Amino acid sequence: MERITAGDDVSSLEITWFNNPYAAQKLQLGQEYYFQGIVTGGMLRRQMVNPQVRTAEQIKASPFEAVYPQTEGLTSNAIAKCVRQLLPHAELLPDPLPPEMLAKYRLLSKADAVRAIHCPATEEQAYAARRRLIYEELLVLQLGIGRMKNRGAAATGAPMQLADPSLFWASLPFSPTGAQRRAVSEILADMAGETSMNRLLQGDVGSGKTLVAAAAIWACIRAGYQAALLAPTEILAAQHAEGLNRMLAPFGMRVALLTGGMKAAARRTTLAAIRNDEADLVVGTHAILSEGVEFARLGLAVIDEQHRFGVRQRGMLAEKAANPHLLVMSATPIPRTLGLLIYGDLDISILDELPPGRTPVKTRCITGKKRRDLYHFLDQEIGRGRQVYLVCPAIEDTPDGGLNAVKTYYEDIAKALLPERRVGLMHGKLKPKEKAAVMEDFKAGRLDALVSTTVIEVGVDVPNASVMVIENAERYGLSALHQLRGRVGRGAAESWCFLVSDNQSENVQKRLKIFVQHHGRLCGGAVRSGDPRPRRLFRQPPARPAHPADRRPDERHPHPARCAGGSRCHAGRRPATGSAGARTAGTAGAADVRESRSHELIRRFFAHKQQQMQKPLHGWCSGPCYRTERFACRSPMLITSQNTQRLLVESWVSLW
């Protein structure tokens with residue numbers, strides 16, 4: 001351990017180094033030094049441990065210090081040392097921007113920008129370097145996306161004329177929403193194009209995505225092609241087959257159901273109908289992807305609950321024909337889906353309206369101590385003619401006994417607390433016929449309550465169900481909770497969702513609280529894993545940092561301090577960030593797909609980029625007496641979609 005004392009005319013600072021015997025020996029009496037680190041102690045005795053030391057000449061020669069992302073065995077200082085050795089050769093870097101573009105948009109050359117981003121002399125120089133590099137990144141990325149899109153666009157194997165959906169709308173007993181009409185128009189326009197459609201239909205639970213898919217399927221069949229709809233569960237597949245058959249049967253269109261639980265004879269009959277073009281629409285589970293399923297003329301593939309399928313499974317369905325049109329649907333797009341939007345591989349249609357008469361589901365979070373009160377409320381709801389769901393995370397009891405299992409819950413809790421009500425049991429281990437019988441009884445009103453696992457998570461539609469109870473709610477992800485809540489609120493009656501959890505963890509309670517507050521609209525925001533605060537990617541940019549001439553006098557010039565023994569030092573105070581090596585916080589989160597209209601994305605996207613360039617830089621010693629600064633050298637993050645691929649560069653430059 002090495003220890004020295006530095007001070008000025010006002011106070012002193014005790015500086016200690018551990019495991020560095022030569023640190024103090026490098027210091028000379030009568031010299032000025034800048035010490036950067038975290039200051040501890042009180043007014044009478046201040047301390048700093050293992051600080052970084054720089055001389056006044058070093059500060060003058062390089063007033064900024066870049067902070068690079070570190071990894072084990074490779075420190076920021078080691079990276080900075082390598083960069084300083086390479087900067088004299090920056091002229092060797094090729095500059096993709098022509099001189100006339102640099103002059104037109106007032107941009108630095110590539111070599112000057114690279115030198116300034118690593119070792120800027122002023123804050124304005126660092127700002128100009130970031131502006132140049134961001135411009136280049138946007139331009140190169142947009143040109144690359146354009147080439148990728150053009151190269152990957154294959155001629156469709158199912159060419160068709162633009163269909164008029166008015167005949168389909170007229171066959172319905174209700175009027176579709178404006179969002180549904182708009183989405184259908186976008187889909188039909190894509191299907192009439194020269195290249196294959198690749199589109200995401202995103203809408204909240206209960207917004208009517210199935211009706212939009214039905215209109216697209218209707219247009220495909222009228223054009224002389226077959227259509228396929230892939231669902232994640234047999235229950236949902238059977239429900240889709242029944243509902244689509246009601247809508248398409250008046251037009252003479254034939255619907256076939258293909259699942260893994262079918263008997264061999266029924267499967268052979270269905271496969272023959274698909275192969276001989278005797279089935280216009282095939283609704284099924286993963287069984288559609290299996291070998292032996294051959295379509296005569298597949299023109300449209302629809303994937304419901306797209307987040308439940310992998311990339312390979314989606315590709316297997318598209319390979320059943322030569323470049324068919326592809327429509328994927330989801331209420332909770334996963335990051336992979338958002339990535340497809342970013343890189344232009346997927347167009348998007350948004351359903352931002354709910355059908356008339358539907359009201360938001362009221363959500364409450366309770367503990368197991370209130371279970372009897374909850375069941376009293378359930379009994380009252382059943383007495384009013386409503387039905388309820390009771391969802392548990394496990395089928396059988398776990399060794400630690402920490403989870404509610406449907407079998408035990410059904411016998412010991414549900415039937416005990418609802419003795420005069422008809423309670424059913426549903427889980428994934430039941431045979432297909434048993435599951436179908438239970439769901440049919442529940443839909444027909446022959447059951448008052450249904451105890452189930454998450455097998456009912458997606459797509460199950462029982463308008464009379466008004467209450468959803470989720471046991472051990474802390475064990476579910478936000479997407480699963482959102483889907484489960486979407487099973488109620490499908491009728492005109494007031495609906496409720498109760499989250500039952502005895503987990504008192506702060507993170508769990510915060511996450512459930514966020515879910516309760518965002519009733520029915522989680523897919524419009526983003527919630528980070530481990531940090532349940534709702535985040536918007538696009539924020540209004542803060543004001544640009546003040547020009548150095550506008551700063552207070554004590555911020556513009558370092559305050560001299562004297563060292564004990566006659567040397568002069570600058571003792572850095574504790575950084576405002578609480579860490580000497582603080583870096584600028586990179587923006588993270590998920591794109592808000594509800595606000596992905598082209599004009600809104602462009603405006604907010606560039607506001608976000610402007611904010612990234614204008615974040616205040618963290619100082620070497622960010623107390624009131626010091627203004628020498630350090631900044632994070634990180635590449636800017638780009639969030640865009642295909643709808644914003646035009647005029648991005650010109651829009652970016654127009655901000656300046």
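The values are calculated or read from the model by the stated rules, or taken from the named source; none is laboratory data. This structure is a prediction, so every number in the text was calculated from the model and none was measured. No Cβ is skipped: glycine too gets one built from the backbone with ideal geometry, and neighbour counts run over all protein chains shown. Each accessible area value is taken on the protein alone, full model and side chains, heavy atoms only, with ligands, DNA and RNA left out. Shrake-Rupley method; radii C 1.70, N 1.55, O 1.52, S 1.80 Å.
PRE reach from Leu44 (point 7 Å along Cα→Cβ): which of the range 10-38 fall under 16 Å by backbone N?
Residues 11-14 fall inside that zone.
What FRET efficiency comes out for the pair Glu420/Trp169, r = Cβ-Cβ distance, R0 = 45 Å, nearest 0.05? All intermediate terms of the calculation are to be shown ahead of the outcome.
Details: r = 45 Å, r/R0 = 1.00.
Taking R0 as 45 Å, the efficiency between Glu420 and Trp169 is 0.50.
In terms of solvent-accessible area of protein heavy atoms at a 1.4 angstrom probe, what is the ranking of Ser330, Ser196, highest value first? Could the numbers behind the result be given before it?
Values: Ser330 0, Ser196 35 Å².
Heavy-atom accessible area, descending, gives Ser196, Ser330.
On alpha carbon coordinates alone, what is the Rg over Rh value for the range 6-132, Rh being the Kirkwood radius?
Details: Rg = 19.5 Å, Rh = 17.8 Å.
Expressed as Rg/Rh, it is 1.10.
Could you work out how far apart the two model spin labels at Glu72 and Arg446 are, taking each label as a point 7 Å from the Cα in the direction of the beta carbon, and quote it in nm?
Calculated label separation equals 6.0 nm.
Cβ under 13 Å from Tyr389's Cβ, Tyr389 left aside: what net charge do those residues give with Lys, Arg +1 and Asp, Glu -1? Could the numbers behind the result be given before it?
Values: positive: Arg386, Lys443, Arg485, Arg487, Arg490; negative: Glu381, Asp448, Glu457, Asp461, Glu471.
Residues close to Tyr389 contribute a combined charge of 0.
Would the range 80-232 count as rounded, prolate or oblate if I go by the C-alpha gyration tensor, calling it rounded below 1.5 in a/c and otherwise prolate when a/b exceeds b/c, oblate otherwise?
Working: a/c = 3.67, a/b = 2.93, b/c = 1.25.
Since a/c reaches 1.5 and a/b is larger than b/c, the shape of the range 80-232 is classed as prolate.
Shape of the range 198-247 from its Cα gyration tensor (a ≥ b ≥ c, root eigenvalues): rounded if a/c is under 1.5, otherwise prolate when a/b > b/c, or oblate? Intermediate results must be reported in sequence, preceding the final value.
Details: a/c = 1.65, a/b = 1.21, b/c = 1.37.
It is oblate, given that a/c is not under 1.5 and a/b is not larger than b/c.
Quote to one decimal, in nm, the extra length available between Lys510 and Leu143 on full extension: 0.36 nm per residue of separation minus the C-alpha distance between them. Can you show the working numbers first?
On the way: separation 367, 0.36 × 367 = 132.12 nm, distance 4.26 nm.
Full extension of this stretch gives 127.9 nm more.
Can you give me the solvent accessible area of Phe18 with a 1.4 Å probe, rounded to the nearest 10 Å²?
Per-residue accessible area (Phe18): approximately 100 Å².
Looking at the P(r) of the range 153-272, how many percent of alpha-carbon pairs lie beyond 19 Å?
Values: 3735 of 7140 pairs.
The share of Cα pairs beyond 19 Å in the range 153-272 comes to 52 percent.
If Ile134, Ile395 are ordered by their accessible area, calculated over protein heavy atoms with a 1.4 Å probe, which sequence runs from highest to lowest? Please list the in-between numbers first.
Values: Ile134 5, Ile395 40 Å².
The most accessible residue leads, giving Ile395, Ile134.
From a point 7 Å beyond the Cα of Asn276 in the direction of its Cβ, which residues of the range 210-248 have a backbone N at a distance under 18 Å?
226
Would you tell me the accessible area of Thr5, worked out with a 1.4 angstrom probe on the heavy atoms of the protein chains, in Å² to the nearest 10?
About 60 Å², rounded to the nearest 10.
Any idea how far apart Ala492 and Ala296 come out in nm if each label point goes 7 Å out from Cα toward Cβ?
Going from the Ala492 label point to the Ala296 one covers 4.4 nm.
Largest first, what is the accessible-area ranking of Cys82, Cys365, Cys220 with a 1.4 Å probe? Numbers along the way, then the final one.
Numbers: Cys82 75, Cys365 55, Cys220 0 Å².
Accessible-area ranking of Cys82, Cys365, Cys220, largest first: Cys82, Cys365, Cys220.
Express in nm, to one decimal, how much length is gained between Ser109 and Thr269 on full extension, taking 0.36 nm for each residue of separation and deducting their alpha carbon distance.
50.7 nm
Just add up the charged neighbours of Ala24: K/R +1, D/E -1, any other residue whose Cβ is under 11 Å from the Cβ of Ala24. Intermediate values should be presented prior to the final figure.
Details: positive: Arg3, Lys26; negative: Glu2.
Charge balance in the 11 Å sphere: +1.
How much accessible surface area, in Å² rounded to 10, belongs to the heavy atoms of Lys510 with a 1.4 Å probe?
That residue has around 100 Å² of solvent-accessible surface.
Give me the number: length gained by fully extending Thr55 to Phe251, i.e. 0.36 nm times residue separation minus the C-alpha to C-alpha distance, one decimal in nm. Spell out each step's value before the answer.
Values: separation 196, 0.36 × 196 = 70.56 nm, distance 8.47 nm.
Net length gain for the segment: 62.1 nm.
Taking 8 Å as the Cα distance limit and 6 or more residues as the minimum spacing, I'd like the relative contact order of the range 1-111 as a percentage. Present the calculation step by step, with values, prior to reporting the outcome.
Working: 112 pairs, mean separation 18.0, N = 111.
That works out to 16 percent.
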